1. Given a 1.4 Å probe, how much area per residue of the range 47-143 is accessible, in Å²?
2. Working out 0.36 nm times the residue gap between S13 and L77, then minus their Cα-Cα distance, what length gain in nm do you get to one decimal?
3. Note down, for the chain, the three equivalent ellipsoid semi-axes (square root of 5 times each alpha carbon gyration tensor eigenvalue), biggest first, whole angstrom.
4. Short version: ³J(HN,Hα) in whole Hz for each residue of the range 55-64, in order, from phi by Karplus 6.51 cos²θ - 1.76 cosθ + 1.60 (θ = phi - 60°), x for Gly and Pro, what are they?
5. Using alpha carbon centroids, what distance separates the range 106-146 and the range 29-70, in Å?
6. State, to one decimal in nm, how far the label point of E36 lies from the label point of T133, with both points 7 Å from Cα in the Cβ direction.
7. Can you give the Kirkwood hydrodynamic radius for the range 29-111, in Å, rounded to one decimal and based on Cα pairs?
8. Tell me which residues come under 5 Å, amide H to amide H, from A134 once H is placed; ignore anything under 5 positions away on its chain.
Amino acid sequence: MLGQVTRDAWAQSIVHGLGAHASLSDARALAKAFTEADFWADEAVVSLLGQARRHCPVVLVTNATVWLDEDLTALGLADLADSVINSSLVGVAKPDRRIYEMAAKQAGARADRCLFVDDREENVEAARELGMTAVLFRTVDDLRGALAGLLNR
């Protein structure tokens, strides 16, 4: 999450972690499958973020890998957000309050004027503690509901 691991080192850590549960060749195959697995973005979420961007800045705050930009480009989503605060590039990971402060600054807004949506309760709680409106994401309807006031005006 802090950009200290290469893709190869990540795969090797998976092999090591599986060592007690699988043969070396199976562990390597599983690590390769996991690190090279196809991925996708939920079209409804992408659409809602695009609609939100017409009204306000959208900042992606993520505990992602250093190759996130490559992944977003591969999905055709290089312009998904106005900016990206990626823990692996800034050296601070959610739920550390500094990453939320960076995001608010990047959005050009006070924390109490920001909406934060995440699928992890500890990240949502950290945003709330900073004064952000925060929503726990479980389904696209959670995001739709959080954006309703913005999109329906």
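The values are calculated or read from the model by the stated rules, or taken from the named source; none is laboratory data. Since the model is a prediction, treat every value here as computed from it, not as a measurement. Reconstructed Cβ throughout: ideal geometry from the backbone, glycine too, with neighbour counts over all protein chains shown. The area values use the complete protein model at the heavy-atom level, side chains included, leaving out ligands, DNA and RNA. Shrake-Rupley method; radii C 1.70, N 1.55, O 1.52, S 1.80 Å.
1. 55 Å²
2. Going from the current span to full extension adds 20.2 nm.
3. On the way: eigenvalues 201, 61, 42 Å².
Each semi-axis is √(5λ); the values are 32, 17, 15 Å.
4. Residue by residue, the range 55-64 yields 10, 6, x, 10, 10, 7, 10, 9, 9, 10 Hz.
5. Using only Cα atoms to place each centre, the spacing works out to 17 Å.
6. Each label point is offset 7 Å from its Cα along the Cβ direction, giving 4.5 nm.
7. Over the range 29-111, the inverse of the mean reciprocal pair distance is 14.1 Å.
8. F116
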